[in-house]
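Have a look at the structure below before the remarks.
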């Protein structure tokens with residue numbers, strides 16, 4: 001991470017020739033992919049203690065816990081159907097434009 005931050009600082013400095021900027025960009029891109037892979041592996045190993053609806057506690061993988069949380073926060077699928085349609089904006093004469 002520190003190396004990636006250093007690369008960004010060097011590239012933002014504006015004092016480097018284009019070829020060197022491209023080399024640093026490619027190195028940074030490789031580092032980003034490496035960091036993403038390491039984060040992915042770490043997330044697979046992390047378990048979260050979740051409280052079930054019946055009050056029981058269970059261990060779930062981090063990704064499953066995140067998916068469950070997203071499902072709970074999402075509005076019901078029929079919510080959009082029950083909303084009235086938006087009226088188009090009108091000017092003083094009642095025209096749309």
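Looking at the range 46-62, which of its residues are touching a helix residue (DSSP H, G or I) at 6+ places or on another chain (Cβ under 6 Å) and not in a loop (DSSP other than H, G, I, E, B)? Result: 48, 50, 62.
For the range 23-32, does any single residue satisfy the condition of being at pLDDT below 85 and part of a helix (DSSP H, G or I)? No, the range 23-32 contains no residue that is at pLDDT below 85 and part of a helix (DSSP H, G or I). Restricting to the range 26-52, and then to whatever is under 18 Å from the mean Cα position of the chain (by Cα) and touching a residue at least 12 places away in the same chain (Cβ under 8 Å), can you tell me which residue is farthest from residue 63 (Cα to Cα)? The selected residue is 32. Counting the residues of the range 1-25 that are over 29 Å from residue 62 (Cβ atoms) and exposed (fewer than 11 other Cβ atoms within 10 Å of the Cβ) gives 8.
The values are calculated or read from the model by the stated rules, or taken from the named source; none is laboratory data. Keep in mind that this is a model prediction, so the values were computed, not measured. Heads up, the Cβs are rebuilt from the backbone with ideal geometry, glycines too, and the neighbour counts pull from every protein chain shown.
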